[in-house]
Amino acid sequence: MAYKTREWRNSMRVTVDYNYMMSTTLGDKGLKDSQLKAIKGRAEEAFNYVKANRGRDDLYMGWTELPYNQDAIVADILATAKQIRKKFKYFVVLGIGGSALGPIMAFNALCHLHYNELPPSKRKGPKFYVEDNVDPVRMAALLDVIEPEKTCFNVISKSGATSETMTQYLIISDILKNKGVDVAENMIFTTDAARGNLLKIDQTFGGRIKKYVLPDGVGGRFSELCPVGLLPAAVLGIDIKGMLAGAAYMDGLCSRPSVSKNPALACAALQYITMQEGKNINVLMPYSDNLKLMADWYCQLWAESLGKAVDYDGNVVNAGTTPVKSLGVTDQHSQVQLYIEGPFDKVITFISVDEYATPMPIPHGCEDIPDVGFLGGHTMQELIQAENKATAYALAMAGRMNYTIHMPAVNAFTLGQLMYLLELQTAYTGAMLNINTFNQPGVENGKKATFALLGKNGYEDKKREIDSAPASEDKYIV
Ligand code: PA5
């Protein structure tokens with residue numbers, strides 16, 4: 001295991017460069033050192049809050065300990081994954097939100113970009129799908145490409161009451177039953193240890209369904225490093241021990257209460273200060289197709305954690321900034337014009353990669369056409385890195401704040417670091433804002449409204465409230 005030597009771990013260290021946030025480069029559009037000094041006390045308080053409450057289930061801070069307390073679970077997951085790889089042709093995750101965005105992000109990051117199209121001999125595991133919607137067309141499309149009897153379905157839901165996930169479960173279990181398949185043989189549940197409907201369903205199968213625990217103190221969006229993410233990743237042959245080792249390494253890098261020594265605290269401080277200045281758009285722009293879905297995962301982490309109406313003192317704060325996902329270089333030809341010349345309302349976070357899995361040389365040719373000929377002899381890696389640097393520089397020259405998270409390479413160890421960095425950054429920012437980072441009352445209200453609209457018992461009053469809401473008036477429909 002390469003991550004076991006200190007030299008290798010240090011060579012894979014993820015770092016944050018925030019020069020292009022500062023007035024030294026951006027002049028009066030940048031932050032002054034005095035602003036970072038002024039935030040010192042608040043940043044320290046946030047650091048101490050997170051440190052003091054590490055691992056507390058009642059505060060949903062169990063995620064901080066996931067890199068350290070899962071040896072037995074990891075061993076079990078690796079053994080199960082081996083069996084799944086032998087037995088099944090397909091592996092399908094049924095889940096939504098925090099139960100889906102992590103597994104699909106890790107798949108995108110660490111597997112071949114056309115994994116499902118590879119022949120079985122070139123894949124480490126079964127074909128892989130994550131169904132995180134209830135679009136009927138998408139479900140029908142999935143059923144067109146899998147053989148349900150040869151598929152392992154991993155139902156991931158903490159509550160077992162999420163309409164989307166449970167709808168998928170009902171459809172799939174009905175199909176399996178109609179085919180005469182023992183549902184318990186083709187299902188794995190990842191759910192709460194003691195509560196929830198998946199446990200009740202398992203009882204109807206005599207407790208035979210293989211189950212993994214989504215720990216009490218781990219909310220959906222902080223769950224990628226628990227069985228929610230570890231089982232699908234292990235099935236795909238991803239080095240889950242490496243991922244956890246990377247998270248632990250980043251935890252170590254973030255062990256000091258100082259913005260200049262703790263990368264997650266630095267990012268949180270930058271986000272917090274700029275938020276107070278009215279920069280309410282937070283763009284994440286990885287320059288890597290493997291990290292494209294990292295931006296999706298991050299958007300949920302940031303939005304659901306920080307978008308809160310009230311703070312801990314009961315003040316209405318309507319906190320949060322809007323996360324935007326972007327992809328380099330693709331979105332240079334779509335959004336970057338706005339970032340460079342539009343309103344000064346954004347902070348752009350780049351994720352740069354020092355060494356891609358392959359450099360892909362660009363052959364010589366078209367020497368008579370200078371616009372094309374100059375590319376020959378370089379590599380695609382050089383090109384994407386040059387465009388990344390050029391975009392960050394152009395933004396800075398236009399007075400636009402941006403900073404870069406540098407990844408030496410994309411692998412399980414660096415991905416673990418990146419996830420933990422972004423989780424800690426979110427927790428610190430929430431603590432600076434004095435809000436509850438780990439609940440999601442807005443999402444829960446939406447879930448209740450869905451129950452009411454579909455006639456679930458006990459939600460009759462909610463249904464009447466929705467039917468009589470002003471939004472049902474015809475006069476505003478054109
Ligand atoms: O981050 C969260 O907590 C949410 O996105 C949940 O993961 C999502 O709502 C699914 O909930 P559950 O796991 O109960 O099905």
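The values are calculated or read from the model by the stated rules, or taken from the named source; none is laboratory data. None of these values were measured; they are calculated from a predicted model. With ideal geometry, Cβ positions are generated from the backbone for all residues, glycine too; neighbour counts draw on all protein chains shown.
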Point to revise | Candidates 229, 237 - the one that is closer than 26 Å to residue 124 by Cα and either more than 19 Å from the chain's Cα centre (by Cα) or at pLDDT below 95 (or both) | key: 237
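Yes/no matrix, rows are residues, columns are (1) under 28 Å from residue 346 (Cβ atoms); (2) out of contact with any Leu (no Cβ under 8 Å at 6 or more places or on another chain); (3) loosely packed, with under 12 Cβ neighbours inside 10 Å:
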site: 3; (1), (2), (3): no, yes, no
site: 6; (1), (2), (3): no, yes, yes
site: 10; (1), (2), (3): no, yes, yes
site: 17; (1), (2), (3): yes, yes, no
site: 21; (1), (2), (3): yes, no, no
site: 25; (1), (2), (3): yes, yes, no
site: 32; (1), (2), (3): yes, yes, no
site: 45; (1), (2), (3): yes, yes, no
Check your understanding: If a residue has to be of a type outside the set (Phe, Trp, Tyr), buried (at least 20 other Cβ atoms within 10 Å of the Cβ) and within 15 Å of the ligand (Cβ to nearest atom) to count, how many in segment 165-198 make the cut?
Key -> 6
**Study point:** Residue satisfying all of: in segment 335-352; surrounded by fewer than 16 Cβ atoms within 10 Å (Cβ to Cβ) and of a type in the set (D, E, K, R); farthest from residue 272 (Cα to Cα) among these
**Key:** 341
Check your understanding: Scanning for something farther than 23 Å from residue 404 by Cα and surrounded by 20 or more Cβ atoms within 10 Å (Cβ to Cβ), does segment 73-82 turn up at least one residue?
Key -> yes
Check your understanding: Within segment 92-115, can you find the residues that are within 16 Å of the ligand (Cβ to nearest atom), assigned to a loop (DSSP other than H, G, I, E, B) and under 20 Å from residue 289 (Cβ atoms)?
Key -> 100
Exercise for review: Take the residues in segment 235-258 that are buried (at least 23 other Cβ atoms within 10 Å of the Cβ), among the aliphatic types (A, V, I, L, M) and out of contact with any Lys or Arg (no Cβ under 7 Å at 6 or more places or on another chain), then tell me which one is farthest from residue 73 (Cα to Cα).
Suggested key: 250
Study note, to complete from the structure: Residues of segment 399-435 being under 19 Å from the mean Cα position of the chain (by Cα) and part of a loop (DSSP other than H, G, I, E, B), in sequence order, are 410, 411
Practice item. Using the structure shown, decide if residue 201 is of a type in the set (A, V, I, L, M) and within 16 Å of the ligand (Cβ to nearest atom). Key: yes
